[in-house]
1. Given the structure, is I106 assigned to a loop (DSSP other than H, G, I, E, B) and surrounded by fewer than 23 Cβ atoms within 10 Å (Cβ to Cβ)?
2. Got at least one residue in the range 69-82 being surrounded by 13 or more Cβ atoms within 10 Å (Cβ to Cβ), over 17 Å from L37 (Cα atoms) and modelled with pLDDT of 95 or more?
3. Can you confirm whether K65 is under 25 Å from G143 (Cβ atoms), modelled with pLDDT of 95 or more, surrounded by 17 or more Cβ atoms within 10 Å (Cβ to Cβ) and among the basic types (K, R)?
4. For A62, are the conditions met, namely being in contact with a Gly (Cβ under 8 Å, 6 or more places away or on another chain), over 28 Å from A132 (Cα atoms) and hydrophobic (A, V, I, L, M, F, W, C)?
5. Take the conditions buried (at least 18 other Cβ atoms within 10 Å of the Cβ), modelled with pLDDT of 95 or more and either out of contact with any Pro (no Cβ under 9 Å at 6 or more places or on another chain) or not β-branched (V, I, T) (or both) and apply them to L89. Does it pass?
6. If a residue has to be assigned to a helix (DSSP H, G or I) and within 23 Å of the chain's Cα centre (by Cα) to count, how many in the range 129-163 make the cut?
7. Based on this model, can you work out whether D122 counts as out of contact with any Lys or Arg (no Cβ under 8 Å at 6 or more places or on another chain) and under 17 Å from C91 (Cα atoms)?
8. Being among the aliphatic types (A, V, I, L, M), in contact with an Asp or Glu (Cβ under 9 Å, 6 or more places away or on another chain) and in contact (Cβ under 8 Å) with a residue 60 or more places away in the chain is true for just one of V233, V176. Which residue is that?
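The values are calculated or read from the model by the stated rules, or taken from the named source; none is laboratory data. What you are looking at is a predicted structure, and each value in this text was computed from that prediction instead of being measured. Positions of Cβ are backbone-derived with ideal geometry, glycine not excepted, and every protein chain shown enters the neighbour counts.
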Amino acid sequence: MACALIATCAAAALIGCQSNSSRTSRSGGDGSVQRVLTAEAQQALTPAQIVADLKAGNARFAANKLTDFDYLAQVRGTAEGQHPKAVVLSCLDSRIPPEIIFDQGIGDVFVGRVAGNFENTDLLGSMEFATAVVGAGAIVVLGHTECGAVQGAADNAKLGNLTETLANITPAVEAVRAKFPQGPHTSKNREFVEAVAQENVRLTMRDITDRSPVLAERVVKGELVIVGGIYDVSTGSIQWLQ
C-alpha cells in the first residue's frame, strides 16, 4: 500500500512538473513568467494533464496565489503564432474571466463566450479549429452560479434577440422541471435554477460531440477530453461535474 501511495504521489508530481514547465521555464528578472506555450510543449501535454493544470490554476485563483505573468513579454512571444492547450466555453457574465480564474497567461487558452454557455454552429466550428487545426486537447464547458441567462430561461423571458438566445437553455429547464414537482419552476427557486445551470452544462457537453463528428472522433481517439464545471461567483472555486 505504501508503494502504491508513493507511486501515485510521484505520478502527480510528474504531471505538475510537465504542466508547469510548458510555460514557466523562463522568467523575468523580477520572477515574472514570460514563456508562452510552444507547439512542442502543447503536443507533449495529454488531455488529462491539461485538465489537471486548469484545476490547479483555479485552486491558485481561489487561494489568491496567482502566477505573476509578464503579459507584454507574452504578447511578444505569441506575436507570430499561438498554441493554446484548451478551449473554455463560458458564459458572457462579467464576473467570470476564464483566463484569470484558471490562472492562465496569454496564449494558453481559447475562450468562447455566450450568455448561457451553450454551443451553436459558430462555437462548434471555433472548437474544431482550436482542436483539430491548432491542437488544443481539452474543452471546458463552464457554467456558473447566479446565472442571469439561466434565470431568464426559467422565467421564459422575452426580449428581442435574447428570446432566441435563451431558447437554447430551455431543454435544460424542461429536463430539470420533472425533478422539482413541487415548483416553483422560476428564478425565485434558487435550487431549481442551480440544477438547471448544471444540467445545461451536461447537455452542452453531450451536444458538442453529438453535433460535431470532428470533435467526437478526437474524443474517441483520446486526443481530446470534454469536461464541465460550475463556477461559484461567491468563492471563485469551480465544482467539477461528472
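1. Working: assigned to a loop (DSSP other than H, G, I, E, B): yes; surrounded by fewer than 23 Cβ atoms within 10 Å (Cβ to Cβ): yes.
Considered against the rule, which asks whether it is assigned to a loop (DSSP other than H, G, I, E, B) and surrounded by fewer than 23 Cβ atoms within 10 Å (Cβ to Cβ), I106 comes out as yes.
2. No - not one qualifying residue is present in the range 69-82.
3. Details: under 25 Å from G143 (Cβ atoms): yes; modelled with pLDDT of 95 or more: yes; surrounded by 17 or more Cβ atoms within 10 Å (Cβ to Cβ): no; among the basic types (K, R): yes.
In short, no.
4. When the stated conditions are applied, A62 passes them.
5. So L89 fits the description; yes.
6. Counting residues in the range 129-163 that are assigned to a helix (DSSP H, G or I) and within 23 Å of the chain's Cα centre (by Cα) gives 11.
7. Numbers: out of contact with any Lys or Arg (no Cβ under 8 Å at 6 or more places or on another chain): yes; under 17 Å from C91 (Cα atoms): yes.
Spelling it out, D122 is indeed out of contact with any Lys or Arg (no Cβ under 8 Å at 6 or more places or on another chain) and under 17 Å from C91 (Cα atoms).
8. Numbers: V176 fails: in contact (Cβ under 8 Å) with a residue 60 or more places away in the chain.
Unique residue meeting the criteria: V233.
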